[in-house]
1. Given charges of +1 on the Cβ of Lys and Arg and -1 on the Cβ of Asp and Glu, with all other atoms neutral, how large is the dipole of the chain about its Cα centre, in debye to the nearest 20?
2. At 7 Å along Cα-to-Cβ for each site, give me the label-to-label distance between TRP228 and ASP48 in nm.
3. Specify the angular offset, from 0 to 90 degrees and rounded to the nearest 10, of the alpha carbon long axis of helix 200-217 from the longest principal axis of the alpha carbons in the chain.
4. Does the range 62-130 classify as rounded, prolate or oblate by the C-alpha gyration tensor (a ≥ b ≥ c root eigenvalues; a/c under 1.5 gives rounded; else a/b over b/c gives prolate, otherwise oblate)?
5. Farthest toward the dipole's positive end in the chain, which of VAL50, CYS209, GLY171, given Cβ charges of +1 (Lys, Arg) and -1 (Asp, Glu) about the Cα centre?
6. Of [x] 1.01; [y] 1.14; [z] 0.95, which is the value of Rg/Rh (Cα atoms, Kirkwood Rh) derived from the coordinates here?
7. Below 8 Å between Cα atoms, with a sequence gap of 6+, how large is the relative contact order for the range 112-251 in percent?
8. If you take every DSSP beta bridge fully contained in the chain, what fraction is antiparallel? Give it as a percent rounded to 5.
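Throughout, read-outs are computed from the coordinates displayed, never taken from laboratory work. If you're wondering where the values come from, they're calculated on a predicted model, not measured in any experiment. Using ideal geometry, Cβ is built from the backbone for each residue, glycine included, and neighbour counts are taken over all protein chains shown.
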Amino acid sequence: MLNAFCCVAVSSSINYGKFAEMSAVPHTDIPNDVPVFAVDDLAFGYSDEVLFEEVRFRLRAGETLQLSGGSGTGKSTLLRVLARLLPHTVGSLQLRGTESNSIPAQQYRRKVAYLQQLPVMLPGSVRDNLLLSFEYTDDEPPSEGDLRTELQRVELEDVALEQPASELSIGQQQRIAVLRLLFMQPEVLLLDEPTASLDETSASALLSCVADLQRNSGLCMVHVTHQWRPGAPQPTWSGTLRRGTMEVERT
């Protein structure tokens, strides 16, 4: 259970409360001259192959890097390296000026949230999944009313909190996974094509929810996608993985 939680949990330094209130609280403790997320000359490979190297970018509060590239270029692997689910071979990965390797892994993964292409639902109800992260804190969880409000926000008003999460469609499960993240408000959000398995309505609801949080909180994002969708966070930077390196330019 802990491993699944680490993939979706975020910063424990925030005073938890109603999500609607939390989403309006900016990260004011980050100096303007210090990037929230800084990557320098990052590389990853296997024993006989370098998948990518010399990956460099910086994200300040509220910025988004939209990442694209052909199949097999390492986009998903790069996100897993950024989430510290895979080790980088060489290079530097810093969160708010601190080298990632000097931050305990569980603490780091609570500040840098990773959403994979297919959602992970643990056994239990929708309520159990939404409140999963609060099992690891002493903070007050959202009320039943708050949970229902957030379900409505992502167009899941017909989903009952007591319904088994395993009975939901993939699109519904992905939106539950996003809400599970956002109840704790991350500092960095890594999105690995989260709408790939969703229909247009579900995709729009999910992306609008994420974009709204970013506008109100200064959240940083790395968003792997082949095509920008209406409602998605507007990219500040565009990155392309090609032939083992990444080209980045301001949009």
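1. Values: 21 positive and 32 negative charges, 103 e Å.
I would put it at about 500 debye.
2. Once both label points are built, they end up 4.1 nm from each other.
3. 80 degrees
4. Details: a/c = 1.98, a/b = 1.28, b/c = 1.55.
Cα axes put the range 62-130 in the oblate bin.
5. The listed residue farthest towards the positive side: VAL50.
6. [z]
7. Working: 184 pairs, mean separation 38.6, N = 140.
Taking the mean separation of contacting Cα pairs over the length of the range 112-251, I get 28 percent.
8. Values: 21 of 39 bridges.
Around 55 percent of the beta bridges assigned by DSSP in the chain are antiparallel ones.
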